[in-house]
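The structure appears right after this line, and notes come after that.
Taken together, the values in this text are just the output of simple stated rules run on the coordinates, not laboratory data. None of these values were measured; they are calculated from a predicted model. Neighbour counts are summed over all protein chains in view; Cβ atoms, including those assigned to glycine, are modelled from backbone coordinates with ideal geometry.
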Amino acid sequence: MNSYQLIYLINANLPEEELSSFSKKISDFILEEEGVLDKSEKPVKRKLAYPINKKEEIFLAIANFHLAPDKLKQFEKKLKSENEILRYMLLANKKPKKITLEKRIKKVPEIVKESPETLKETTVAEKEDKKEELEKIDKKIEEILNTD
């Protein structure tokens, strides 16, 4: 089954009672074709930028569903047979790519593979080495400054 999104415009002259039953009718079309309805949003009234079939206002509705590709043509025939649908757009949603763990994890440095205890020990040892080096550098600077 593929994932689809249906966006459709309904005639604004439709009464409230028929509007809710119309959305139910679209969901029934999906279920008749052995599809699975994920999400169906309540139709919202919108003003159009330009008239469609001499209508200035419409109801906009969206439905997300899963349907077998071979059942899609039959579903579209049912949509076209409805006179209250002014326009519709059927989009195929892309499935998210499956990323394996190996692809997400890049080459791990050797330090990270060690346990946290050994990491603390190495950082403490490195700090002591740096302190010793700084002390040696300070002594050399003092010697240079005192010989002048």
task = Could you list the trypsin sites (Lys or Arg not before Pro) in the range 7-87 that lie in coil according to DSSP, counting only those with at most 12 other Cβ atoms within 10 Å of their Cβ?
result = Lys54
request  = Count charges around Phe75 for me, please; just the other residues with Cβ under 13 Å from its Cβ, Lys/Arg as +1, Asp/Glu as -1.
outcome  = -1
query = Counting Lys +1, Arg +1, Asp -1, Glu -1, what net charge surrounds Leu9 among other residues with beta carbon under 9 Å of its beta carbon?
reply = +3
note = Residue span Ile144 to Lys54: 0.36 nm per residue of separation minus Cα-Cα distance leaves a gain in nm of 23.0 nm
task = Treating the Cα atoms of the range 1-82 as identical point scatterers in vacuum, please give the log10 of the normalised Debye intensity I(q)/I(0) at q = 0.16, 0.19, 0.25 Å⁻¹, two decimals.
result = -0.62, -0.84, -1.22
ask   = What is the local net charge at Glu32, summed over the other residues whose Cβ is closer than 11 Å to its Cβ (Lys, Arg +1; Asp, Glu -1)?
value = 0
